[in-house]
Structure formats: structure tokens, C-alpha cells
1. With every protein chain kept in place and ligands, DNA and RNA left out, what is the accessible area per residue of the chain? Probe 1.4 Å, answer in Å².
2. What residue among Thr82, Thr199, Thr63 shows peak mean-square fluctuation when the chain is described by a Gaussian network model with Cα springs under 10 Å?
3. With θ set to phi - 60° and the Karplus curve 6.51 cos²θ - 1.76 cosθ + 1.60, what are the ³J(HN,Hα) couplings of the range 140-151 in order, to the nearest whole Hz, using x for Gly and Pro?
4. Any idea which of Leu57, Leu37, Phe149 is furthest toward the positive side of the dipole for the chain, if Lys and Arg beta-carbons carry +1 and Asp and Glu beta-carbons -1?
5. Taking only DSSP H segments of four or more residues, each worth -39500 (n - 2.57), what value at 222 nm results for the chain once the sum is divided by all its residues, to the nearest 500 deg cm²/dmol?
6. Could you pull out the trypsin sites (Lys or Arg not before Pro) across the range 60-159 that fall in loop regions by DSSP (anything but H, G, I, E, B) with no more than 12 other Cβ atoms inside 10 Å?
7. Using the charge dipole of the chain (Lys, Arg: +1 at Cβ; Asp, Glu: -1 at Cβ; taken about the Cα centre), state which of Leu28, Thr123, Ala86 has its Cα farthest towards the positive end.
8. For Ser87 and Ala201, FRET efficiency with R0 = 25 Å and r from the beta-carbon atoms, rounded to 0.05?
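The values are calculated or read from the model by the stated rules, or taken from the named source; none is laboratory data. The shown structure was predicted, so the numbers you read here are calculated from the model rather than taken from an experiment. Using ideal geometry, Cβ is built from the backbone for each residue, glycine included, and neighbour counts are taken over all protein chains shown. Surface areas here come from the heavy atoms of the whole protein model, side chains and all, with no ligands, DNA or RNA. Shrake-Rupley method; radii C 1.70, N 1.55, O 1.52, S 1.80 Å.
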Amino acid sequence: PARAHVNVVRCVDFVMCPSHLCVVMEPLVGPELFDWLEVEWRRMSWDTTRLMMRQMLAAIEFTHASGLIHRDIKIDAFRFRTNDPASPLVLFDYGLCCLSQPPRGQRRDIVGTPEYIAPEMGTGVYDEKVDVWSVAVCFYGMLTASFVFDVAAGQSGLRLVKRAEVERALTKPALEAAPPLAVACMKKLLVFDSRLRPTSAEAHALVRDDD
């Protein structure tokens, strides 16, 4: 089957097993973004940063347009399709995704990787904008090589980011050395109040044009 989107992993088939549903996906043989950044982070140009931001937001916009919320957006969920330097970045790991349409009279599950979880997810009432928050955390990590907040090793229970922690993170000296346009874009996405946070389509528009 044709690939649905260049920046989204393609599902090839589904196999029903006695106790599991197995998903067969296209092979992604390029490096994971996390591993790639460990080598390339210090020499990344603004053009490279913008291209990656553009592709990550394109993948999320397509996911939302398809009626899904990924719910586990993180740097580790992106991988290059091949080892070619021009290979596109691909979003995969849809194991925690859910339908965008909220369950009638029910709260959604609180899932994801703690450092990337949007603050509103703790209420169980949230929408696609949790993915926008998570990708903004990815951008923050790409610009500063750190998280907005850290989860202590061995910590039990859910740990949600606090508004004060976000405010402190946005004043880190490391941001002063990052490309100003990338920082400005990240700050427009890393908005604590989800009502004021842009949608994935609006976020993608921020980096889609050369200006």
C-alpha cells in the first residue's frame, strides 16, 4: 500500500494472535533521533533544526487530521527512515494512541513518558494539544540538551510539570545560545494553559514558511 505520509510510519499489516494483536510496520533502518542528537547536537545548524521541527510537526498534524492522538510523543519516538543524510524523519510508536473523539462521559487514561506529559493530562480531560506540548518538550530538549523538568530516579506515582517549573525552564541560559527563531517557536508551543496553546496545524504553520 502507498505510504500515507512521508513523516509517519506506514503500517503494512495486522496479525491476530491468540493473546496479541501484532502490527507489521515498514522497516526503519536509520538512526533514532535521540542517538543522532547525541552525535550531531553541538554542530546542528538552524536550517537542520528547522527542517526537523517542520517534519515532526507535519507528522503530528497528519496524526491529528487522521482522528488520532499519539499520546507518547518524545524524541525517542522519531527515527530516520534510512541512513541517507537526506532521509526524512519518521514518527512511530503508536502503541498508546487513542481516538480524538472523547469517550462519552468518561475520562481518558493518563499515559505517556513522564517528562513529556502535558499538564492537563493529569485531569483525564484533554485533546490533541497534549501532543503539541510533548513536541514542544522535544524542541526544548533539542535546543538545550535537557528536559523542562526532571523526574527523580525511582520516583513512584505520577509526576506532572508545574507552571513555575516551565517558567524557570524558559529562562535557562542555554536558550540564549540557541537559534532565536527556534526558541521563539518552541515558546509559542510550550504554553501551560492548553486553551492558549496552538493546534498542531497552527504550530506546523509557524515553521512551514521560510520566513
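1. Details: 11360 Å² over 211 residues.
Ligands and nucleic acids excluded, the figure is 54 Å² per residue.
2. Thr82
3. Calculated HN-Hα couplings, in order: 4, x, 5, 8, 10, 6, 8, 9, 4, 8, 10, 8 Hz.
4. Projecting each Cα onto the dipole axis, the largest value belongs to Phe149.
5. On the way: 6 runs with 70 residues, N = 211.
My calculation for the chain gives -10000 deg cm²/dmol from helical runs alone.
6. For trypsin sites (Lys or Arg not before Pro) across the range 60-159 that sit outside H, G, I, E and B with at most 12 neighbouring Cβ atoms in 10 Å, the list reads Arg104, Arg107.
7. Of the listed residues, the answer is Thr123.
8. Values: r = 25 Å, r/R0 = 0.99.
That pair, Ala201 with Ser87, gives E of 0.50.
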